[in-house]
Every structure is written in structure tokens, then in C-alpha cells.
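First up is the structure itself, then whatever we jot down about it.
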Amino acid sequence: EGIKNKIEPPQPVDGNIYEMDHREKNEKNIRYLPGSLQESLEALKNDEFMKEVLGEHIFEKFIELKEKEIEEYKIAVTDWEISKYINQF
């Protein structure tokens, strides 16, 4: 897509982005990645390029699968939760 549309990549960023504050990141046009599967899925749902690349059928099935995965995760008890709370109650 970038080659076809002759999109120039951004300039490389020198420095540790994890040490930059919000102002520095904004100045360098550094955007944040989604923080969860739910946020990622919402971004994907609005991505026409990915829909075109995957094809509508696979795109829709992938979203359906990931939505199910999110629901399963919401009710799962993790090892961290067990170790954190088992002795508190």
C-alpha cells in the first residue's frame, strides 16, 4: 500500500520513547498503540485497508472470533488473581 501510493515513511526517532513525555511524543508524531485486545479490535473494525486485504468474510470471522475471545477472557480466573486473592478471603 505504501509503495503503491508512494507514501513516505516517517523519519526515524532517536532516543528512548519510553522516557519521553507526552509533549515530546506529540512533537515527533509518535502515536500510542492500543492497550488491550478490545481497543485493538475497535481499531481494526474501522480499518478499511485490513478489510480489503483480508477479504470481508475472513475480516468478519476474525472479528467474531476475537470478540468471543474477549468474552471468554473476562470470565477467566488467572493465576495472578488466584495468588493475589486466595489468602485474603
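The values are calculated or read from the model by the stated rules, or taken from the named source; none is laboratory data. Note that this is a predicted model, so its numbers are computed, not measured. Cβ sites come from the backbone with ideal geometry, for glycine too, and all protein chains shown count toward neighbours. Keep in mind that these areas ignore ligands, DNA and RNA; they rest on the heavy atoms of the full protein, side chains included. Shrake-Rupley method; radii C 1.70, N 1.55, O 1.52, S 1.80 Å.
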Which of the residues belonging to the range 66-89 are open to solvent by 100 Å² or more (accessible area, probe 1.4 Å) and among the aliphatic types (A, V, I, L, M)?
Ile75, Val77, Ile86
Among residues of the range 13-60 being over 30 Å from Glu72 (Cα atoms) and hydrophobic (A, V, I, L, M, F, W, C), the residue modelled with the highest pLDDT is Met20
Only one of Arg31, Arg23 is open to solvent by 100 Å² or more (accessible area, probe 1.4 Å), basic (Lys, Arg) and either at positive phi or not in a helix (DSSP H, G or I) (or both), namely Arg31
Given the criterion assigned to a helix (DSSP H, G or I) and under 23 Å from Ile17 (Cβ atoms), identify the matching residue among Glu69, Glu39, Glu52.
Glu39
